[in-house]
Each structure stands twice: as structure tokens, then as C-alpha cells.
Amino acid sequence: MPTVRANDIDIFYDEVGAATAPAILLIMGLGTQMIAWPEAFCGRLADRGFRVIRFDNRDVGLSTKFDHAPKVDVGAAFVRAFMGQPIAAPYNLDDMAGDALGLLDALGIAKAHIVGASMGGMIAQTLAARHGSRARSLVSIMSSSGDPRLPQAQPAAAATLTATRPSGDEREASIQFGMNILRTIGSPGYPIPEAELRARVERAFDRSHHPSGIARQLLAILASGSRVALLKTVAVPTLVLHGQDDPLVPVAGGEDTARHVPGATLRIIPGWGHDLPTSLIPTLVEAIAGHCQAADRSAGSP
């Protein structure tokens, strides 16, 4: 299996495209495995001349789990975050950015385009800000600056973060639960057919079902706080992509991210929610590939 030891954990990854091509590192979001980056999405980026790498974040998929950590009280963590109090967590977004950086080191990649979705966007922002010499460019997708004053998720979408999940041995209940989440946060303008929705959830469940890791990743987000000051230090070309109809991370999150990153480009797509619909893949690939190629031309990179 393609696994590397990096940042003191085992990281599962795969890649497509020429090994000598400019690298794009894809970082996925909360509780979501690397397979949520569709093969068609990765393949189209590779066809545009990139080495495309995706990986499982810590505590999800086939990468190292942190089950030895203390049990997480998500409700209490939200209360502490609301009150501006510090939150103890087994790890934070800086640690997860360190995992991504360690993967690049293990693969011998000096610089990559850093592309992150949702929590992955937060990790990508952190990596690009703290390790700018390793980033060719940044693409932050359906993410946020972390400013607590921003509009919050719609109630139904917010409830998906704290809802009690079925036990690990209840496959059908877990699949129905996952499908309901994707329906709730999905794109009204780009609905995913039920058969495809079910296939996505089944594949993820059968590959790795690990609900406790989701709570720890959520704690990492809450413990890390606002990235506003950090975003102001990003010095690489940045593209912010966001859905106008995102119910989980409202579009104001993307607008605020772009506002704080010097020179960032913001693109808002009507009808897009908090997912990667198949019908939107060509649009997203065109935007990301165009941004990365322009960044490379500006830097004089191959």
C-alpha cells in the first residue's frame, strides 16, 4: 500500500500524473477520506499537466488513528469556543499542516500547489502561511478564515456536526446517516443522483468507518481558532472558491478568506453547496488548473 511515515504518523496516499510534473497536493475536509476527491477530478487535473496527490488526513481513512487520546466532548468544546476560552485537543490544524508537509518531504517534493476543501482549506491556508517556501500557490475551497464573528452554518447543516452517529456495526443505518448528511449540505443547483450518493457513502464506509476521529478533527478546528492574522501573511498566488448556497460554511467564509489574503482571487459559484458534485468537476478543474498554471508562469517554474 502507498503509505509513508511522516510527522511521526503513517499517511496513506495515492497519486496520478507524471512524476516530473508540477505537484498539486489535495487536502480533504472534516471526517472525509481522500476518496472524496473524485477520480475524475484528479484525472482531469493530471490531464492538464499536474502530478496530483491526495491523502488521508490523520484520524480518517487508512492513516494513523488517535484512539489513545481522551474522549472528546464536542458540546463542551463548542461552548468554550463561543466563550473565547482555550480548548485542549490531541492535535490542531498546525499539526495537520505538518502532516501534509511531511508527506511532501517523504515524496521528495520541494514545492506544490496546495489545494484544500473545507477543513482541508484551513489546513492548506496554514501550510501556505507558515511554510510559504513550499507552496507554489494556494487554493482554498468552501472554507473560512475562522473568524468567530462570521455567519454560522444553517441549523440543519450545523446539526450534522454534533448528531449521534450509528454504531460502527450498523452498516445500513450508517449509510443512511451519511446520505442524509450529504443531502443536507449538498448543492441545490447540482444535485447528486441518489444512486451515486449511496455509492459514495457505501465506498467510504467499507473503506474505513471511524466516527471518533471526526470528533477529534472537529476539536482541532475549534482549538486552532481564527486564522485572520495568519492569512495576511500568505505570499503565494491564492484562489478562493466558494458556493453561493453553501449551508455549512456560508459564502461569507470564503469572502472573508479572500479579503485577508493579499491579492487573492475570489470566485463564487451560484447553486454550489458544500460538496464536490460530478457535474461541477469540469468547472472546478478549469478554475484550479488555470490558477496553478498562471502561478507557475509568474514564478518562471516548469
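Since every read-out is calculated from the coordinates, none of them should be taken as a lab result. No experiment lies behind these values; they were computed from the predicted model shown. A quick note on method: Cβ atoms are made from the backbone with ideal geometry, for glycine too, and the neighbour counts reach across all protein chains shown.
Could you give the distance between the Cα centres of the range 190-207 and the range 87-123, to the whole Å?
Result: 26 Å between the Cα centres.
For Gly243, what residues show an amide H to amide H distance below 5 Å, using hydrogens built from the backbone and excluding near sequence neighbours?
Met142, Ile269
Could you work out how far the C-alpha centroid of the range 63-80 sits from that of the range 267-302, in angstrom?
A separation of 33 Å, based on Cα centres.
Identify which of Asp95, Asp169, Asp246 has the largest mean-square fluctuation in a Gaussian network model of the chain, with springs joining Cα atoms closer than 10 Å.
Answer for the Gaussian network model of the chain: Asp169.
When volume of the Cα convex hull per residue in Å³ is calculated directly from the model, which label among (1) 119; (2) 132; (3) 164 fits?
(1)
Once you have the Cα-Cα distance between Ser167 and Phe66, take 0.36 nm times their residue separation minus that, and quote the gain in nm to one decimal.
So the chain would gain 34.5 nm between Ser167 and Phe66.
Span-like helices, the chain: DSSP H, alpha-carbon axial extent 24 Å or more, mean Kyte-Doolittle -0.5 or greater, which ones?
281-299
If we count other beta carbons within 10 Å of each Cβ, what is the order of Ile288, Ile214, fewest first?
So the residues, fewest neighbours to most, are Ile214, Ile288.
Over the chain, with a Gaussian network built from C-alpha contacts below 10 Å, which listed residue (Arg183, Arg203, Arg134) shows the highest mean-square fluctuation?
It is Arg203.
So, by mean Cβ neighbours within 10 angstrom, what's the order for 44-53, 152-161 with the highest one leading?
Highest to lowest by the protection proxy: 44-53, 152-161.
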